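The values are calculated or read from the model by the stated rules, or taken from the named source; none is laboratory data. The model shown is predicted, which means the values in this text are computed figures rather than measured ones. Backbone-built Cβ (ideal geometry, glycine too); neighbour counts: all protein chains shown. Heavy atoms of the whole protein, side chains included, go into the accessibility calculation; ligands, DNA and RNA do not. Shrake-Rupley method; radii C 1.70, N 1.55, O 1.52, S 1.80 Å.
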Amino acid sequence: MKELNVALIGCGFMGKAHSNAWRSVRLFFPEAAAYPRLKVICGAPEEDVQAYADTYGWEEAANDWAATVARDDIDIVDIVTPGKLHAPIAMAAAESGKAISCEKPLANTLEDAEKMVEAAEKAGVINLASFNYRRVPAIALAKQLIEEGFLGRVFHWRAQYLQDWIVDPSFPLVWRLQKSEAGSGALGDIGAHITDLAYYLCGPVTEVTGHMETFIKERPVLADVTGGLSAKAGQGMGKVDVDDASIWLAKFDNGAIGTFEATRFAPGGLNKNCWEINGEHGSIRFNLERLTELEVFSRKDPAYVQGWKTIQVSQEDQPYMSAYWPGGHHIGWEHSFVNSVHDLLEAVANETEMRPTFRDGLYVQKVLAAVEASNESRQWERVV
Ligand code: SOE
């Protein structure tokens, strides 16, 4: 079994989720082709990175991402920073020949995403756009069922990603609410997930028409946030220049039609990434707030027993589940990241491609850009 040295760039919420995954992957997948060594975590100069390193279990703490990704002893660079740093870090990592995982959305702009694809493909390095929900076992099971023909021809994709964490107007202007840091709001942060899942499960979208809304236009400025704000840090109000909610309709290449809704203004929706697909033989639906369940409806069942069936996804012959507990002993949200880093370690050790690649992430970015273009033009826009 190979040992692969990992550098994690970023310390926030995703830093914790990814650290946990790197730490526990060997426990759940002891037979994997490689195991990780948590070599170095790198944060911003103002962060106490040593404290993160101690808590999250990294050998070293660093403040300089450029020096970190250039190190000869690093095999995998895992990027979990705000979006504006994705492109420069990923391009530098590609140039130094590292395998790269990058959080979603791939970049803040289409141009940056294109540069990232070019750099990674030119360098020939493994590049993962880290859409973790593909590796929720129930979603992987949905993919398997679709490939086995459970749905047949697909007619509808219907997705909502509902959160409610900024409904309060006194919630501060954090980085996720600033275009210069995050690129967009609900659209790129959570709309990107349902766009990727639609692509994964139903195929490419060719055209969209959408609307984006910002309900609360100004918010209190945090003391430690300065970049690009009109108000002085720690005083007064700053402009929210991203969407609070985005909705769009889509046409798929295979003739299906879809609806998408991404909002941070849905009280009661904590992290409700839910979708339903309707096809000629039946339907499949999923709700992340009940992530160990997959609901299916089959038109092939005799009419007198037709109805929605809930599959418990906790058994060893379901995707990823042989790594975990006996049936009925459920896993959680964090295990989607464990499964992702496991697949990444396999890909790096065996030198095989892992999807979604940066090119797949670029495709998601193109759909999001078309939604933004449609919000401006008030027309249907092609995904190009
Ligand atoms: C915040 O909206 C967030 O943490 C997203 O950034 C993640 O991608 C999503 O999985 C959960 O919500």
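Just tell me which lysines come within less than 21 Å, Cα to Cα, of K300; anything on the same chain fewer than 8 places away is out.
Within the straight-line limit of under 21 Å, K300 reaches these lysines: K143, K309.
Using a 1.4 angstrom probe and counting only protein chains, how large is the accessible area of D301 in Å², to 10?
We get 60 Å² for D301.
For K251, which lysines qualify as cross-link partners when the Cα separation must be under 16 Å and same-chain residues fewer than eight apart are set aside?
K366
Tell me the mean residue ellipticity at 222 nm calculated for the chain from its helices only (DSSP H runs of n ≥ 4, each -39500 (n - 2.57), averaged over every residue, nearest 500).
Calculated mean residue ellipticity at 222 nm is -9500 deg cm²/dmol.
Kirkwood Rh, Cα Rg: Rg to Rh for the chain?
When Rh is taken as the Kirkwood radius, the ratio is 0.96.
Once ligands and nucleic acids are excluded and a 1.4 Å probe is used, how much of V341 is accessible, expressed in Å² to the nearest 10?
V341 has an accessible surface of roughly 10 Å² with all protein chains in place.
Tell me, what is the per residue accessible area of segment 2-131 in Å², probe radius 1.4 Å?
Counting only protein heavy atoms, the per-residue value for segment 2-131 is 41 Å².
Could you give the accessible area per residue of segment 225-376, probe 1.4 Å, as a whole number in Å²?
Each residue of segment 225-376 exposes 46 Å² on average to a 1.4 Å probe.
At most 15 other Cβ atoms within 10 Å and a DSSP loop assignment: could you name the trypsin sites (Lys or Arg not before Pro) in segment 291-332 that fit?
R299, K300
How long is the gain from K122 to A33 if the chain were fully straight, where each residue apart is worth 0.36 nm and the alpha carbon distance is subtracted?
Full extension of this stretch gives 29.5 nm more.
Considering the options V40, Y200, I74, tell which one lies farthest towards the positive end of the dipole of the chain, charges being +1 on Lys and Arg and -1 on Asp and Glu at the Cβ, about the Cα centre.
The Cα lying farthest towards the positive end belongs to Y200.
Taking all protein chains together and a probe of 1.4 Å, list L291, L345 from the most accessible to the least accessible.
If we order L291, L345 from most to least accessible, we get L291, L345.
Tell me which lysines have Cα within less than 16 Å of K16's Cα, excluding those fewer than 8 residues away on the same chain?
K39, K104
Please arrange F171, F337 by accessible surface area, largest first, computed with a 1.4 Å probe and ligands excluded.
F171, F337
Whenever you get a sec, compute what percent of the accessible area on segment 2-131 sits on carbon and sulfur atoms (1.4 Å probe).
That fraction is 50 percent.
Can you work out the FRET efficiency for the pair L222 and E316, with r the C-beta to C-beta distance and R0 = 45 Å, to the nearest 0.05?
With R0 = 45 Å, the Cβ-Cβ based efficiency is 0.45.
Just need log10 I(q)/I(0) for segment 2-131 at q = 0.22 Å⁻¹, Debye formula, equal scatterers on the alpha-carbon atoms, no solvent, rounded to two decimals.
Values, matching the q order: -1.35.
Restricting attention to segment 229-327, which GluC sites (Glu not before Pro) occupy a DSSP loop and are surrounded by at most 13 other Cβ atoms within 10 Å?
E280, E316
Top to bottom by accessible area (1.4 Å), largest first, where do R359, R285 land?
Ranked from most to least accessible, the order is R359, R285.
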